[in-house]
1. Within region 1-30, count every residue that is part of a loop (DSSP other than H, G, I, E, B) and modelled with pLDDT under 90.
2. Quick check: is even one residue across region 35-53 more than 16 Å from the ligand (Cβ to nearest atom), at negative phi and under 8 Å from the mean Cα position of the chain (by Cα)?
3. Is region 35-53 home to any residue that is surrounded by 14 or more Cβ atoms within 10 Å (Cβ to Cβ), out of contact with any Ser or Thr (no Cβ under 8 Å at 6 or more places or on another chain), modelled with pLDDT under 95 and under 22 Å from residue 8 (Cα atoms)?
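The values are calculated or read from the model by the stated rules, or taken from the named source; none is laboratory data. Everything numeric in this text was worked out from a predicted model, so none of it was measured. Note: ideal-geometry Cβ built from the backbone for every residue, glycine included; neighbour counts use all protein chains shown.
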Amino acid sequence: MKMSQEEKLKRSYIVVRCPSEECEAETIVFAHAKNTVVCKECGEVIAKPLGGKADIIGEVLRFAGQPVETEE
Ligand SMILES: [Zn+2]
């Protein structure tokens, strides 16, 4: 079954918990991030670009409900 464009968009954003045990801040990451994404709180790397799809280093908590603005 093909996903609708809207469904794809919804799943493109995921909420990731910072891998640092002392931080655990939640950051919304674009699943196909082309740049390394770092935690806003502590600067820990939470996602790295990996051939079109981001390699998520932190814990994936859930899909973000809807696209949101992310800081590049
Ligand atoms: Zn952090």
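1. Result for region 1-30: 6.
2. no
3. No, every residue in region 35-53 fails to be surrounded by 14 or more Cβ atoms within 10 Å (Cβ to Cβ), out of contact with any Ser or Thr (no Cβ under 8 Å at 6 or more places or on another chain), modelled with pLDDT under 95 and under 22 Å from residue 8 (Cα atoms).
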